[in-house]
Every structure is written in structure tokens, then in C-alpha cells.
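The values are calculated or read from the model by the stated rules, or taken from the named source; none is laboratory data. Predicted, not measured: the structure shown is a model, and the values here were computed from it. Note that each Cβ is placed from the backbone with ideal geometry, even for glycine, and that neighbours are counted across all protein chains shown.
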Amino acid sequence: MDREALPSITAPTHAPVGNDVDTPFRRFVGDFTASKLAMFGLGLLVLLILCALLAPLLSPQNPYDLSQLDVVDSRLPPGSKNSAGTMTYWLGTDDQGRDMLSAIFYGLRISLGVGVAATLAALALGLAVGLAAAYFGGRVDSMIMRIVDMQLSFPAILIALVLLALLGQGVDKIVIALVAAQWAYYARTVRSAALVERRKEYIEAASCLGLSPGRIVFRHLLPNCLPPLIVVATVQVAAAIALEATLSFLGLGLPITEPSLGLLISNGYTYLLSGKYWISFFPGVALLATIVAINLVADHLRDVLNPRLQR
Amino acid sequence: MLVYIVRRILQSLVVLLVMSLLVFVAVYAIGNPVDIMINPQADQADRDAAIHALGLDKPLWEQYGLFLQHAVTGNFGKSFAYNVSAIEVIFERMPATLELATAAMVIGIVLGIPLGLWAGLKPDSASGKSIMTLSILGFSLPTFWVGLMLIMTFSVWLGWLPSSGRGPTTELLGVPVSFLTWEGAKYLILPATNLALFNLALIIRLTRAGTREALMQDYVKFARAKGLSNTRVVGVHVLKNILIPIVTVIGLQFGSVIAFAIVTESVFAWPGMGKLIIDSINVLDRPVIVAYLMIIVALFILINLVVDLLYSALDPRVRLADA
């Protein structure tokens, strides 16, 4: 609180030149853009998201339209021409003559889509549970936290694996499995943030004003709990994408009709041993780029949003 | 202390009971237990006999009692794929997984603590920074992808190490192990390295953070003022004080190493429990899946219990806080 107030008191001494006003958001943007590494991560991430969104426009061929595939072109190394001589397979082809570059664009779509959907759903669930625990306190709180602790003592991959073993394959099922594996992180983060915020004066003031509990929780408590949650959510998107890829690689995640990056890597696995590296390697590079880009952004977000490190 | 131990053990038993109830509900109440526990290829007479033997004609609460009773005696039915008791199939694979997990832990500790110390002592040097970058990569790269790259580099391109399987084993106290002969150890190196990476990254971070904190403490300044050599200050005074959190985390991580062995074993075709569970899921060998779940749940609860007890022995404040 004191730190928040400080800049306005000392504002005249280092007031920004021109008509810039030092709002918290501008300060956040300024801090964030200061790191070259984080900006690189953000740029890479935007590029990957664009590739995913524009996959049908960018891809040289539709990798899942069987009429466009030619078995003669199967397992060609990167840079080969197709049999008709009309296009170049820049990243090679897989065992069905599919252009890997196009397959990666479409795979990015599925990987990012599943990761974001699972994160949003887990965030919503964790938010509700965590806020409930912090707001009600007492027995509700200790009950919820006992469940959270119990779940967190098991690795996420094990929980997801068990659920998929019981539920079977499918996009909806893998999202359920990822949510089940991750909601507890959010619940714990929200609860601890909310417990700190709850004791502050503005919440007391809000309840003195006679505001309804719903309004206090959602309009006053929630916005102030967001910064740590944003950091956790960013890290968890990367974790969700990696987990989905792992599960798909193991043959438990997505069905063959929804080829995410993990499934593409899994398809090329058998050819890796005979030296045809490109079928697994390039989807893996795309997966890696996605995870590293998100982590770079998340890492710097953590520094920027952490009040203890704020100048 | 005794009261704490007893209470902690009772808590673990409650958690075990809750988890067994969850597994029971998942397997028996959601799915059709007749389909789940009895081989679909069995004929009608076999099915009836099996339904009776498993007690599936009894009311649900009685079935849960039977399930518990069977679980305690290790009876989870016969594996469809191997036609022997499911628990036997798992116990047969367990040494391979335990060896892999132990080797991974050893690699993590032996490399992680010195690297972490170095990075903590020289946080601004190029070497310190590259160690930290390495640890970030260890955290964020998916295990299976690193495994594939290890195979691609060391098996396919360089041809130094075998890419899959366990190779020859020798008996040590009646347990088959790989690491005693070079022929066997060759098969262990790649999977163990792969499995070690996450823990290596974690141990580097913990050690580095602990070292940086310890260096600012008065006892380190005092040790230096006494004129002790740098080796002694770091090797004895600093190291001793940062070990407690590291030991705790290593203990807790052993469970997740066994869980992550599922991925590594699948990549390297290492014949352990993790590969077994994936194979079993793929062929719907449900008795093995149920048995694996119960064993892994029991294992995790046991690890948590041991770590908690150890921690309370090392740091009495933990016990007081819980009382």
C-alpha cells in the first residue's frame, strides 16, 4: 500500500516528460517491454498464435484432405520437390506423403487450442473454489484445502493418465483430464492471495458500506487477487500444452483425427531410429518454441507483477 | 513425538481409504464391473463363476468391503494379457522401475548440488548464468521430447549407446539389476539421464537459492572472519545448512520420478511398471490398471508419511505447528 502511494507523492521530481501520465498499466507495459528476452518470447508467441489461427491460409496443402496427399511422396527429406514438381516440402513429408510444415500449422492449432481451453476451464474452477475457501474460511476452508493438498501430492501426469484410462480418448476428455490435473494450483494461489487481500482496509470499508458478499468478492476481492493468478495461468498454459503433448505421445490423449504436435511427434517416433528425423524433429521444435516462448513471457511477468520486486 | 507419529499414520490410513474408495467408485460404480474385471473373451459359465468369485452379485457396500479385503491381500484379479495375478505382473516389473528411478535421483544429486553451489557462489558469472539457463530448460522441455533427442543423438547419429530395452541384468541380493556390468549399464545411461533432467533442474535451483541465502548469514561471515579456507566454509558450513530443504524435496520427488518414469520407460522401451501401465491401458487390461493405481497411491502416501516424519525429526517446529 505504501509503495503504491509513494510515486504520487514524489511525482513532481521525476514526472514523465510531455503529457504522459504514469498509470499502473503504463508502468506495467514499460517494465515489461524493458526485457529484450521477454519481448522476444512475446514476439515468438504472437507469431506461433498467428500460424495457428491462419493455418488454412498459410499451409501449402490441407494435410488432412486425403485427395491432396500422394503416397509416392511419403517420407521425403526436407527440401524435396513433390512428384508433380509443383511444390517444395520444406520440412519433408511423413509416412503418408503429408507436408510436415502444413501438419505443424494445423497441429499448433490443436495444441494451443486444447492448452488454452483447459487453462481457462481450470482457472474458472480454481478461482471459484479458492475464493470460496478464502471468503468462508473455517471448516469450508480447511476441507477444501485438504482436498487441494491431497491432489497436489500426486503428480499432474498421473492424475491425467488415470482419468484418460477411465474416460478414453477425445478432445473433450483430454480437456477434462487437464482441468482435473491443474485446478488445484489455481485454487491454492487464489486462496492465499485472497486471504492477504481480505484483511486489508478496503474490504473492511466495502463491508461497512453494506455491500453484498457477491459484490465484495467479485468487484473488490477478485481484481486484487489477479496478478499472481495471471502469472500462474501463463505458466500453466505451457504446462498444459506439454502435458497434452506427452499424453498424446503416449497414445492416450487425442485421437488420430485430431493430430496435435504430440501426436505428430509420436507418428515419427518409429522412423527416428532409421535416421528419418524430420517427421518427429520439426513438430518437436514447434512444441518447444511454444513452451519456451510462453515461459519467457511468464518468467518476466512474474518479475514485473511481483510487488516485492517493484522499484 | 509418539503422538505425532501415531496421528500422522492414522491420517495416512484415512487418505488411503478415501483413495481406495475413489478408485472403487471409478472402476465399479461408473463402469460396468463385469466388463472391467472379467475377460471379455470368457464364455457365459466362466463369467458367472467370475461374477460370483468377485462378489459382483452382492450389494455395493458389501462389494466395497470385498474390494478392500482383496486389496489388502493383494488380490486384484488375473491380468487378461498375461493370465497371471495382476499384482504379480506389477511386482515383476517393479525392480526395473526402481533401478531407473534411483539412477535418475543419483544423477540429479551428484550433478545438481555441485552445479547449484557453483551457480550460487558466482551468480553473475557466465558459467553461473549458463547453469541457470540449463535449469530453466530442464524445467520447461517435455521429458519425452528430450528422450527422443537423446536417442537421435547418442543412438542414431553417434551410435554410442543402445536406444531401447534393458539389456542383460545380473542378480544383486535376488533382484535383477543392470548397473553392475558395463553391458547392462549402457542401457541404463540414456533413460536415467532423461528421467534425471527435471530433478537436476530442481536441485540446481534449490541449492543455488539456499547458497545465496546462506552466504549472507552471520555464521558464514564469522567462519570467514575466523580465517577458515573457502573450501571449508562452503563445503561444511554452507552445505550443511542448505541440505535440509534439499533432502526433503528429493524425498518428495521420488514419487514423481516414479510417475514420470511412465514417459521415459515408454520412450526407451524400458520394461518397468510405467511401460506396463501404458501397455495395459492400450489393451484394456483392467485388473493391472486397478492394481497399479492402488500400489502407486499407497506408495505416494507412504513417501509423504516418511518425509513428514523425517522433517519433524529434523525440524521440531513442524510438530509444534501441527499440534
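Before moving on, here are some points about what is shown:
- Selection of helices (runs of 4 or more DSSP H) fully inside the range B:85-170 by the criterion of at least 2 residues being over 14 Å from residue B:265 (Cβ atoms) and within 19 Å of the chain's Cα centre (by Cα) returns B:86-121, B:126-140.
- All positions within the range A:263-276 that are crowded, with 23+ Cβ neighbours inside 10 Å and within 8 Å of another protein chain (Cβ to nearest Cβ): A:265
- Residue within the range A:280-287 that is touching a residue at least 60 places away in the same chain (Cβ under 8 Å), at the interface with another protein chain (Cβ under 9 Å from one of its Cβ atoms) and surrounded by fewer than 24 Cβ atoms within 10 Å (Cβ to Cβ) present: no
- The set of residues in the range B:161-208 being in contact with a Ser or Thr (Cβ under 9 Å, 6 or more places away or on another chain), within 29 Å of residue A:276 (Cα to Cα) and more than 14 Å from chain A (Cβ to nearest Cβ) consists of B:166, B:167, B:168, B:184, B:185, B:186, B:187, B:188, B:191, B:192.
- Residue A:186 under 24 Å from residue A:117 (Cα atoms) and hydroxyl-bearing (Ser, Thr, Tyr): yes
- Taken together, the residues in the range B:144-159 that are buried (at least 22 other Cβ atoms within 10 Å of the Cβ) and at the interface with chain A (Cβ under 7 Å from one of its Cβ atoms) amount to 4.
- Being farther than 26 Å from residue A:155 by Cβ, modelled with pLDDT of 75 or more and within 10 Å of another protein chain (Cβ to nearest Cβ) is a condition met by no residue of the range A:294-310.
- Matching residues in the range A:92-119 - criterion: being buried (at least 23 other Cβ atoms within 10 Å of the Cβ) and not in a helix (DSSP H, G or I): A:92, A:93, A:94, A:98, A:99
- One residue from A:187, A:180, A:165, A:122 being within 19 Å of the chain's Cα centre (by Cα) and surrounded by fewer than 23 Cβ atoms within 10 Å (Cβ to Cβ): A:180
- Any hit, the range B:84-97, residues being within 24 Å of residue B:195 (Cα to Cα), without any contact (Cβ under 8 Å) to a residue 60 or more places away in the chain and out of contact with any Gly (no Cβ under 8 Å at 6 or more places or on another chain): yes
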